[in-house]
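Comments concern the structure below.
The values are calculated or read from the model by the stated rules, or taken from the named source; none is laboratory data. Not measured: the values here are computed from a predicted model. Note that each Cβ is placed from the backbone with ideal geometry, even for glycine, and that neighbours are counted across all protein chains shown.
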Amino acid sequence: AQSVSQHNHHVILSEAASLELGCNYSYGGTVNLFWYVQYPGQHLQLLLKYFSGDPLVKGIKGFEAEFIKSKFSFNLRKPSVQWSDTAEYFCAVNSGGYNKLIFGAGTRLAVHP
Amino acid sequence: GAGVSQSPSNKVTEKGKDVELRCDPISGHTALYWYRQRLGQGLEFLIYFQGNSAPDKSGLPSDRFSAERTGESVSTLTIQRTQQEDSAVYLCASSLDFFGDKINEQFFGPGTRLTVL
């Protein structure tokens with residue numbers, strides 16, 4: 001069965017620090033990859049997605065992610081975090097038919113001013 | 001409406017009771033999904049609707065769980081004889097339908113927090 005692993009459950013950073021959240025998936029075929037974010041008190045929303053083409057994907061709010069097929073990874077990065085990036089981040093994978101998403105357990109990010 | 005809505009936002013019930021959770025997708029979205037998020041875990045896929053039919057029910061954890069969708073709009077997730085392990089946030093998402101290899105963004109609702117005492 002497909003699975004998604006997020007290595008860090010809780011991350012605490014100071015403003016302006018760089019961020020990298022790990023995501024690895026288990027499926028070996030063609031995949032579509034997503035990062036979703038949930039800000040406190042808000043709905044899950046899409047941060048960025050990878051379907052094909054350039055493996056470096058840029059999303060909203062300065063986030064980017066790199067798809068490395070050989071490592072089955074899709075890590076999320078931001079060079080300089082802000083207090084407003086405090087949220088929970090979920091990596092998700094889709095493969096095969098339909099839009100069914102397989103989610104990782106999430107990473108809670110706390111950014112201190 | 002502007003987004004996916006779900007009701008109720010919170011539901012507390014006693015073990016053994018039945019509950020119904022409702023989802024109103026974005027107008028025009030033919031695909032609808034139910035997910036469950038237990039405390040400290042990621043979202044688990046439950047069921048997918050394409051229009052009013054459910055081609056993928058693989059995530060429903062037991063026969064106590066069922067879902068229907070009418071009029072290619074509202075969906076109801078029903079849990080019969082609730083158990084404490086059913087306590088979770090139940091999230092609904094909708095999207096334009098899957099077509100070929102084109103994946104469409106899923107838009108999520110706020111969720112229903114179910115607590116089974």
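Please return the ranges of strands (runs of 3 or more DSSP E) entirely within segment B:1-61 where 1 or more residues are of a type in the set (Val, Ile, Thr) and within 24 Å of A:Phe90 (Cα to Cα). Reasoning before the result, please.
Numbers: elements: B:5-7, B:10-13, B:19-24, B:31-37, B:43-50, B:53-56.
Strands (runs of 3 or more DSSP E) meeting the threshold: B:43-50.
Out of B:Glu72, B:Glu68, report the one residue that is assigned to a strand (DSSP E or B) and surrounded by fewer than 21 Cβ atoms within 10 Å (Cβ to Cβ).
Result: B:Glu68 is the single residue among B:Glu72, B:Glu68 that is assigned to a strand (DSSP E or B) and surrounded by fewer than 21 Cβ atoms within 10 Å (Cβ to Cβ).
Scanning for something closer than 13 Å to A:Leu109 by Cα and of a type in the set (Asp, Glu), does segment A:45-61 turn up at least one residue? Write out each step before concluding.
Step one: of segment A:45-61, the residues closer than 13 Å to A:Leu109 by Cα are none.
No, because not a single residue in segment A:45-61 is closer than 13 Å to A:Leu109 by Cα and of a type in the set (Asp, Glu).
Looking only at residues that are of a type outside the set (Asp, Glu) and more than 17 Å from A:Ala92 (Cβ to Cβ) in segment A:12-27, which one is nearest to the other protein chains (Cβ to nearest Cβ)?
Restricting attention to segment A:12-27, the residues satisfying the condition of being of a type outside the set (Asp, Glu) are A:12-14, A:16-19, A:21-27.
Within this subset, residues satisfying the condition of being more than 17 Å from A:Ala92 (Cβ to Cβ) are A:12-14, A:16-19.
Numbers: A:Ile12: 17, A:Leu13: 21, A:Ser14: 25, A:Ala16: 29, A:Ala17: 25, A:Ser18: 25, A:Leu19: 19 Å.
Out of the qualifying residues, it is A:Ile12.
A:Asn94 - would you say it is within 14 Å of another protein chain (Cβ to nearest Cβ) and among the polar types (S, T, N, Q)? If you could, list the steps in order and put the result at the bottom.
On the way: within 14 Å of another protein chain (Cβ to nearest Cβ): yes; among the polar types (S, T, N, Q): yes.
Judged against the criteria, A:Asn94 is a match.
If B:Thr82 passes every condition in (1) more than 8 Å from every other protein chain (Cβ to nearest Cβ); (2) at pLDDT 95 or above; (3) under 12 Å from B:Cys23 (Cα atoms); (4) surrounded by 14 or more Cβ atoms within 10 Å (Cβ to Cβ) but one, which one does it miss?
Condition not satisfied by B:Thr82: (3).
Go through (1) surrounded by 15 or more Cβ atoms within 10 Å (Cβ to Cβ); (2) away from chain A (no Cβ under 14 Å); (3) more than 10 Å from the chain's Cα centre (by Cα) for B:Ala31 and report which single condition fails.
Tallying (1) surrounded by 15 or more Cβ atoms within 10 Å (Cβ to Cβ); (2) away from chain A (no Cβ under 14 Å); (3) more than 10 Å from the chain's Cα centre (by Cα), B:Ala31 fails exactly one: (2).
When only residues in segment B:35-49 that are surrounded by fewer than 18 Cβ atoms within 10 Å (Cβ to Cβ) and within 8 Å of another protein chain (Cβ to nearest Cβ) count, which is nearest to B:Ile103 (Cα to Cα)? Step through it out loud before you land on a result.
Of all residues in segment B:35-49, those surrounded by fewer than 18 Cβ atoms within 10 Å (Cβ to Cβ) come to B:38-41, B:44.
So of that shortlist, the ones also within 8 Å of another protein chain (Cβ to nearest Cβ) come out as B:40-41, B:44.
On the way: B:Gly40: 28, B:Gln41: 24, B:Glu44: 19 Å.
Across segment B:35-49, the extreme among qualifying residues is B:Glu44.
Select from segment A:1-59 the residues that are part of a strand (DSSP E or B), touching a residue at least 12 places away in the same chain (Cβ under 8 Å) and over 21 Å from A:Gln82 (Cβ atoms) and list them in ascending order.
Once the filter is applied, which keeps residues that are part of a strand (DSSP E or B), touching a residue at least 12 places away in the same chain (Cβ under 8 Å) and over 21 Å from A:Gln82 (Cβ atoms), segment A:1-59 yields A:Val4, A:Ser5, A:Asn24, A:Tyr25, A:Asn32, A:Leu33, A:Phe34, A:Lys49, A:Tyr50.
For the condition touching a residue at least 40 places away in the same chain (Cβ under 8 Å) and in contact with a Ser or Thr (Cβ under 6 Å, 6 or more places away or on another chain), what is the one hit in B:Val12, B:Val74, B:Val89?
Working: B:Val74 fails: in contact with a Ser or Thr (Cβ under 6 Å, 6 or more places away or on another chain); B:Val89 fails: in contact with a Ser or Thr (Cβ under 6 Å, 6 or more places away or on another chain).
Criteria check complete, one pass: B:Val12.
What single numbered condition from (1) surrounded by 15 or more Cβ atoms within 10 Å (Cβ to Cβ); (2) of a type outside the set (Phe, Trp, Tyr); (3) within 14 Å of chain A (Cβ to nearest Cβ); (4) more than 13 Å from the chain's Cα centre (by Cα) fails to hold for B:Ala88?
So the condition that B:Ala88 fails would be (4).
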